[in-house]
Each structure stands twice: as C-alpha cells, then as structure tokens.
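Trainee: Sharing a structure here in structure tokens format.
The values are calculated or read from the model by the stated rules, or taken from the named source; none is laboratory data. Just so we're clear, the structure is a prediction, and the values are computed from it rather than from any experiment. Here Cβ is always computed from backbone atoms with ideal geometry, including for glycine, and neighbour counts include all displayed protein chains. Surface accessibility is based on the protein's heavy atoms, side chains included, excluding ligands, DNA and RNA. Shrake-Rupley method; radii C 1.70, N 1.55, O 1.52, S 1.80 Å.
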Amino acid sequence: MSDSFHAVKLNDRVYWVGAIDWAMRDFHGYATRRGSTYNAYLILADKVTLIDTVKAPFVDEMMARVASVIDPAKIDYVISNHTEMDHSGGLPVVLDRVKPEKFLASRMGAKALPEHFALPCDITPVEEGGSLSLGDCSVTFVETRMLHWPDSMFTYLNEDKLLFSSDAFGMHVASVERFADEIPETVLEYEGGKYFANILLLYAPLILKLIEKVGKLGIEIATIAPDHGPIWRKNPEKIVEWYAKWAAQKPTRKAVIAYDTMWKSTETMARAIEQGLVDGDASVKVMHLRADHRSDVVTEMLDAGALLVGSPTLNNGMFPTVAELLCYLKGLKPKNLIGTAFGSYGWSGEAVGQIAEELEGMKVSLVAETIKAKYVPTEKDLAACRALGLAIAKALPAK
Ligand code: FEO
C-alpha cells in the first residue's frame with residue numbers, strides 16, 4: 001500500500017484518514033473553487049472503528065492513511081453517518097478488504113445503503129440516542145434526519161467530547177491544514193456560509209431545532225469533526241453560532257441584484273437600481289449571471305434582506321440563466337426577503353412578469369413595482385430605476 005499518504009492525529013486515539021480533492025470544482029452543480037476534502041476518521045479504541053469513507057476514486061488514498069497507523073484488517077467496526085456517495089462510495093471496497101465485525105448506520109441509512117451498492121455484509125441499524133461500546137470508550141448516535149438526507153446522523157465519542165457531524169458544520173475547502181484554527185476566519189466564514197447556503201438552506205428551520213435539541217441534551221462538544229473541510233478543535237461554538245445566524249436568515253440592509261443582459265439595457269437598469277440603493281444607504285452586490293455562478297448568488301443572499309432579479313425578454317420568456325437561478329432558489333427556499341423584478345424588452349416583454357411570479361411563489365415580498373424599459377432605457381426609465389432602488393432601501397430594516 002502506498003506510503004504517500006499519512007493519517008493526521010486529532011488526539012491519542014482519533015485520526016483523520018480522509019482524502020483531499022484538490023481539483024474538484026463542481027459538487028453536483030455547486031461551484032467549489034477551493035476543492036474539498038472527504039473526511040473519514042479512525043478511532044483506535046479496543047474495537048478499532050472507522051467513521052465514514054470517501055468518494056470512490058479516493059479510497060486508496062484513504063486506505064493508505066489508515067495503513068499509516070494500523071493494519072486496515074484490524075478495523076472492527078465501520079460506521080456510516082451518511083449515505084451520499086461522497087462518503088459512502090468507498091464502502092464496498094472498504095467492507096470487502098476489512099471484513100469488519102460490525103457495519104452500522106442509522107435506520108434510514110440501513111435502508112438506503114443497499115439501494116446504492118451491493119454490500120458484502122449486513123448492516124446493523126442503530127437507534128436514535130443509542131450507544132455502542134468500543135471497549136475503552138463509547139459512541140452515541142444522534143439522528144439528524146433531513147440534515148440533509150433522511151439517513152444523516154451524528155456519532156458522538158463520549159470520552160473525548162468529539163462530534164463526528166457528517167456534512168453539518170463542513171465546507172468545501174481542500175487544504176493540508178486539517179484544523180479550522182490554521183485557516184483564516186474570513187475563509188471559514190465565507191466557505192462555511194457557502195456550504196450552508198447551497199446544501200442546507202432548505203432545512204434552516206430543522207437546524208434551529210437541532211441546535212436546540214443538542215443544547216437540551218447537555219452534551220459538551222470539545223471538537224467538531226465534519227465530513228468536509230477543517231476540524232474544529234478550538235472554539236467549536238464559532239461554527240455553531242454561525243449556523244444559528246445563517247439559519248435565522250435575519251434580513252439586513254444588503255440587496256443582491258442578479259441579472260442577465262442582451263445589449264446592456266437590463267445591465268444599465270441594474271446599475272441605476274444599485275445607485276438608488278446606495279443613495280438609500282443600503283449595501284448592494286450586483287451579480288451578472290454569466291459572470292457569477294448561481295451558487296455564489298445564493299451565498300451572497302445568506303446575509304441579505306432584498307433580492308432584485310433582472311432579465312430582458314428573450315423568445316417570449318426570461319433568459320435561461322435567470323430561469324436557472326430562480327429554479328435553484330425555489331428549491332433552497334430562502335426566507336425573509338423583499339424584492340422585485342426588472343428588465344428591458346423589445347415587443348412582447350413577458351420576462352419581468354414571469355420573474356415577479358416566481359419571486360412571489362418563493363414568498364419574496366414584492367415591496368416595489370416591477371419596471372420594464374422598451375429597447376433602451378430612457379432617462380425617465382433610469383430615474384424610475386433609481387427610485388426603485390431607493391424604495392427598496394427604505395423598506396429594508398433600519399441599521
Ligand atoms: Fe457530503 Fe451529503 O454529502
């Protein structure tokens with residue numbers, strides 16, 4: 001087995017044995033410009049236990065990291081916290097090579113895993129709140145259904161107060177720095193927020209309940225070890241506080257203007273709306289949908305109070321990039337936003353009305369009239385755009 005990959009020690013018995021995906025730039029449609037890691041963890045307890053695996057092409061890297069601390073054949077238990085294939089893809093190979101005494105997953109995981117793979121052994125479903133002795137230490141299982149799949153669960157290593165949190169509290173960052181305290185906080189907050197916005201936003205109400213539930217359990221968490229990105233060994237409250245803030249989606253005085261344009265008319269309108277917002281003392285992020293990826297737009301929306309969407313009319317409809325953004329946002333269900341639609345047109349002009357309908361369907365409160373400009377916006381049109389920006393600024397919460 002390759003000696004090119006080594007495990008990273010978290011404490012006297014827990015090691016990171018995951019893989020680094022430096023080149024990944026697209027995670028099922030989410031732009032991941034910093035790559036990612038697939039984190040797996042090895043507990044060197046009396047019963048040697050592996051928590052999660054990695055994406056299938058990285059299984060040899062993972063096994064090499066395991067082999068740097070112990071013969072993989074000595075693994076007794078394998079626990080799957082999450083069925084999605086970036087964590088389970090390596091399972092068929094691991095189970096085949098290791099032949100563990102026990103292979104455990106949540107009750108939903110025990111149903112879903114055989115629907116993904118032909119597994120060479122049985123799965124033992126674990127009970128919500130149930131514990132498993134590893135001899136000199138023990139783990140407790142906490143189901144986190146729909147965070148973000150039905151099978152998702154946390155595994156808590158009681159003696160070390162260490163939470164293996166699956167996708168929660170993770171982020172797509174490839175680095176050799178394994179710990180959050182080795183990475184600039186601005187990167188952690190941006191990438192953690194981007195992950196939350198693109199993977200978890202839809203489940204924000206469940207996250208608030210989960211934070212409350214864990215608080216009530218009274219368990220102390222000294223370390224959070226997620227399945228992507230850095231491990232929180234110092235001040236893990238930081239990422240939990242960020243989650244509570246992001247999940248609350250409290251509106252701010254920031255507006256996101258997302259648009260596409262054909263001959264710059266809709267862009268000119270976007271810039272005039274921007275000026276109106278600035279005149280009204282709001283912060284603005286202007287995003288051209290052929291320059292900014294939809295996953296970056298939803299990230300900017302995480303701390304915004306307004307969303308304004310612009311499109312020219314193309315073939316009796318909105319631009320495909322705008323339709324794509326709205327389809328994406330509809331699924332993620334952002335909350336507490338005000339906004340409106342705008343755009344240029346030549347003759348039929350359906351796009352603005354279609355966008356407004358979509359925004360209303362997403363419960364974005366349309367606090368300002370939509371604006372349409374024929375062919376090229378006139379000075380009067382642009383004054384109306386600035387007034388619209390000002391009106392949105394006035395409707396945002398006070399500082
Ligand atoms: Fe990282 Fe839901 O998979």
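Trainee: Kindly evaluate Phe196 against the criterion of being within 16 Å of the ligand (Cβ to nearest atom) and aromatic (Phe, Trp, Tyr).
Mentor: Numbers: within 16 Å of the ligand (Cβ to nearest atom): yes; aromatic (Phe, Trp, Tyr): yes.
The answer is yes for Phe196.
Trainee: Could you look through the range 130-159, keep only residues that are among the polar types (S, T, N, Q) and outside any loop (DSSP other than H, G, I, E, B), and pick out the one that is surrounded by the most Cβ atoms within 10 Å (Cβ to Cβ)? If you could, list the steps in order and put the result at the bottom.
Mentor: First pass over the range 130-159, keeping only residues among the polar types (S, T, N, Q): 131, 133, 138, 140, 144, 152, 155, 158.
Going one step further and asking which of them are outside any loop (DSSP other than H, G, I, E, B), we end up with 131, 133, 138, 140, 155, 158.
Working: Ser131: 13, Ser133: 11, Ser138: 15, Thr140: 18, Thr155: 26, Asn158: 14.
Only one residue tops the list, namely Thr155.
Trainee: Using beta carbons and a limit of 6 Å, which pairs, at least six apart or on different chains, have the first residue in the range 345-362 and surrounded by 13 or more Cβ atoms within 10 Å (Cβ to Cβ) and the second one in a helix (DSSP H, G or I)?
Mentor: Glu358/Leu326; Met362/Lys330
Trainee: May I pose another question? Counting just the residues of the range 85-111 that are surrounded by fewer than 19 Cβ atoms within 10 Å (Cβ to Cβ) and within 22 Å of the chain's Cα centre (by Cα), which one comes out farthest from the ligand (Cβ to nearest atom)?
Mentor: Only one residue fits best here, namely Met108.
Trainee: Taking the residues in the range 180-199 that are in contact (Cβ under 8 Å) with a residue 60 or more places away in the chain and of a type outside the set (Val, Ile, Thr) as candidates, determine which candidate is most open to solvent (accessible area, probe 1.4 Å).
Mentor: Per the stated criteria, the residue is Tyr190.
Trainee: Next question. Tell me yes or no: at least one residue of the range 291-313 is assigned to a helix (DSSP H, G or I), basic (Lys, Arg) and under 30 Å from His148 (Cα atoms). Walk me through how you get there before you give the answer.
Mentor: Kept after step one, since they are assigned to a helix (DSSP H, G or I), are these residues of the range 291-313: 294-301.
Now drop any that are not basic (Lys, Arg), which leaves 294.
From what is left, the residues that are under 30 Å from His148 (Cα atoms) are 294.
Among the residues of the range 291-313, at least one is assigned to a helix (DSSP H, G or I), basic (Lys, Arg) and under 30 Å from His148 (Cα atoms), which makes the answer yes.
Trainee: Can you name the residue in the range 141-169 that is over 23 Å from Leu44 (Cβ atoms), modelled with pLDDT of 95 or more and not hydrophobic (A, V, I, L, M, F, W, C) and, of all such residues, is farthest from the ligand (Cβ to nearest atom)? Working first, answer last.
Mentor: Of all residues in the range 141-169, those over 23 Å from Leu44 (Cβ atoms) come to 143-152, 167-169.
Checking which are modelled with pLDDT of 95 or more leaves us with 149-152, 167-169.
Still in the running and not hydrophobic (A, V, I, L, M, F, W, C): 150-152, 167.
On the way: Pro150: 11, Asp151: 10, Ser152: 7, Asp167: 4 Å.
Per the stated criteria, the residue is Pro150.
Trainee: Here's a follow-up. Of the residues Leu134, Leu157, Leu163, which is in contact with an Asp or Glu (Cβ under 8 Å, 6 or more places away or on another chain), aliphatic (A, V, I, L, M) and assigned by TED's automatic domain parsing to the domain that holds Trp232? Let's see the steps before the verdict.
Mentor: Working: Leu157 fails: in contact with an Asp or Glu (Cβ under 8 Å, 6 or more places away or on another chain); Leu163 fails: in contact with an Asp or Glu (Cβ under 8 Å, 6 or more places away or on another chain).
The conditions single out Leu134.
Trainee: Here's another thing I want to ask about it. Sort out which residues of the range 141-160 are over 18 Å from Lys111 (Cα atoms) and among the charged types (D, E, K, R), and write them in order of number.
Mentor: Listed by number, the residues that qualify are Glu159, Asp160.
Trainee: Also, I was wondering about something else. In this structure, is Ile70 within 31 Å of the chain's Cα centre (by Cα) and either buried (at least 20 other Cβ atoms within 10 Å of the Cβ) or aliphatic (A, V, I, L, M) (or both)?
Mentor: Numbers: within 31 Å of the chain's Cα centre (by Cα): no; either buried (at least 20 other Cβ atoms within 10 Å of the Cβ) or aliphatic (A, V, I, L, M) (or both): yes.
No; evaluated as a whole, the condition is false for this residue.
Trainee: Filter the range 379-399 down to the residues that are open to solvent by 70 Å² or more (accessible area, probe 1.4 Å) and over 32 Å from the mean Cα position of the chain (by Cα) and list them by number. It would help to see each step written out before you state the result.
Mentor: Our first condition is that a residue be open to solvent by 70 Å² or more (accessible area, probe 1.4 Å); within the range 379-399, this holds for 379-380, 386, 394, 398-399.
Matches in the range 379-399: Glu379, Lys380, Arg386.
Trainee: Quick one: would you say Met24 is within 16 Å of the ligand (Cβ to nearest atom), within 25 Å of Gly193 (Cβ to Cβ) and open to solvent by less than 20 Å² (accessible area, probe 1.4 Å)? Reasoning before the result, please.
Mentor: Working: within 16 Å of the ligand (Cβ to nearest atom): yes; within 25 Å of Gly193 (Cβ to Cβ): yes; open to solvent by less than 20 Å² (accessible area, probe 1.4 Å): yes.
Judged against the criteria, Met24 is a match.
Trainee: Would you check if there is a residue in the range 73-83 being crowded, with 21+ Cβ neighbours inside 10 Å, within 30 Å of Leu289 (Cβ to Cβ) and touching a residue at least 12 places away in the same chain (Cβ under 8 Å)? Steps first, answer last, please.
Mentor: Within the range 73-83, the first condition is being crowded, with 21+ Cβ neighbours inside 10 Å, and the residues that meet it are 75, 77-83.
Within this subset, residues satisfying the condition of being within 30 Å of Leu289 (Cβ to Cβ) are none.
No, the range 73-83 contains no residue that is crowded, with 21+ Cβ neighbours inside 10 Å, within 30 Å of Leu289 (Cβ to Cβ) and touching a residue at least 12 places away in the same chain (Cβ under 8 Å).
Trainee: Next question, about the same structure. State whether the residues of the range 278-296 include one that is at positive phi, open to solvent by 10 Å² or more (accessible area, probe 1.4 Å) and touching a Lys or Arg at 6+ places or on another chain (Cβ under 9 Å). Even if it seems obvious, please write down each step before you answer.
Mentor: Here is the first cut: in the range 278-296, the residues at positive phi are 281.
This time we only want the ones that are open to solvent by 10 Å² or more (accessible area, probe 1.4 Å), so: 281.
Right, trim to touching a Lys or Arg at 6+ places or on another chain (Cβ under 9 Å) and you get 281.
Yes, the range 278-296 has at least one match.
Trainee: Is it the case, given these coordinates, that Lys209 is away from the ligand (no atom under 16 Å from the Cβ), without any contact (Cβ under 8 Å) to a residue 12 or more places away in the chain and open to solvent by 30 Å² or more (accessible area, probe 1.4 Å)? It would help to see each step written out before you state the result.
Mentor: Details: away from the ligand (no atom under 16 Å from the Cβ): yes; without any contact (Cβ under 8 Å) to a residue 12 or more places away in the chain: yes; open to solvent by 30 Å² or more (accessible area, probe 1.4 Å): yes.
Judged against the criteria, Lys209 is a match.
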